[in-house]
Amino acid sequence: MNIKIVCVGKLKEKYLKAGIDEYAKRLQKFGKFEIVEVPDEKAPEQLSQAQMDQVMEKEGERILSKIKDREYVFALAILGKERTSEDLASEIADLAVHGTSDITFVIGGSLGLAPAVLKRANTQISFGRFTLPHQLMRLVLTEQIYRAFMINEGSPYHK
């Protein structure tokens with residue numbers, strides 16, 4: 001299984017890097033795990049809707065350039081479908097059974113994901129209606145991916 005997270009922006013916070021690195025190390029026993037960062041588009045604080053759309057479009061192009069046709073894509077979006085940890089585990093297991101070995105999760109920048117990225121996604125997933133920094137979301141998502149594999153393994157980690 002190949003799991004990839006494509007995300008906008010660089011991760012600078014050492015404490016978040018340490019947490020992500022720990023879960024990434026644990027995930028290696030289940031297959032290849034990687035995080036691919038694409039540059040965020042520099043923009044002033046106050047943007048018009050047209051400028052916001054342009055920023056999302058540029059970031060979206062960068063994201064899409066990192067996704068291959070064969071990859072099953074989960075786009076993280078506030079309006080996506082909320083899942084339990086067990087739901088995500090089941091979905092990943094079902095994908096593997098049906099021959100999908102390349103799974104990609106996408107985390108957008110501060111403005112969200114471009115329509116083209118949402119259209120490319122096979123599904124949209126929401127972690128609730130909270131607004132979280134996308135850097136923190138990387139850690140939360142990495143842990144949930146690890147948790148999904150542990151659930152599928154029957155490990156007591158999830159309890």
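Determine, for each peptide in 126-137, 100-111, the mean count of other beta carbons within 10 angstrom over its residues, then list the peptides with the highest first.
100-111, 126-137
Which links in K14/K68; K12/K68; K17/K119; K12/K42 stretch past 25 Å when you go from one Cα to the other?
Exceeds cut-off: K14/K68; K12/K68; K17/K119.
Have a look at the DSSP beta bridges in the range 2-153 and tell me what percent are antiparallel, nearest 5.
5
Along the charge dipole of the chain, Cβ charges K/R +1 and D/E -1, which of I125, Q46, S155 sits furthest on the positive end?
Final value for the positive-end residue is S155.
Quote the FRET efficiency, to the nearest 0.05, computed for R129 versus K29 with a Förster distance R0 of 41 Å and r equal to the Cβ-Cβ distance.
The calculated FRET efficiency here is 0.75.
By average Cβ neighbour count within 10 Å, what is the ranking of 71-80, 87-96 from highest down?
Result, highest mean Cβ count within 10 Å first: 71-80, 87-96.
Can you send over the carbon and sulfur percentage of the accessible area for the chain, probe radius 1.4 Å, protein chains only?
So the carbon and sulfur contribution to the accessible surface is 52 percent.
Explain nothing, just the number: dipole magnitude of the chain about its Cα centre with +1 on each Lys and Arg Cβ and -1 on each Asp and Glu Cβ, in debye rounded to the nearest 20.
Value, rounded to 20: 340 debye.
Under a 1.4 Å probe, what is the accessible area of the range 2-153 per residue, stated in Å²?
56
So how much slack lies between H158 and M1, counting 0.36 nm per residue of separation and subtracting their Cα-Cα distance, in nm?
Result for the pair: 54.5 nm of gain on full extension.
Express the relative contact order of the range 1-155 as a whole percentage, based on alpha carbon pairs under 8 Å and six or more residues apart in sequence.
34
The values are calculated or read from the model by the stated rules, or taken from the named source; none is laboratory data. Remember, it's a predicted structure, so these values are computed and weren't measured experimentally. No Cβ is skipped: glycine too gets one built from the backbone with ideal geometry, and neighbour counts run over all protein chains shown. Ligands, DNA and RNA are stripped out before the accessible areas are found, and what is left, the full protein with its side chains, is counted by its heavy atoms. Shrake-Rupley method; radii C 1.70, N 1.55, O 1.52, S 1.80 Å.
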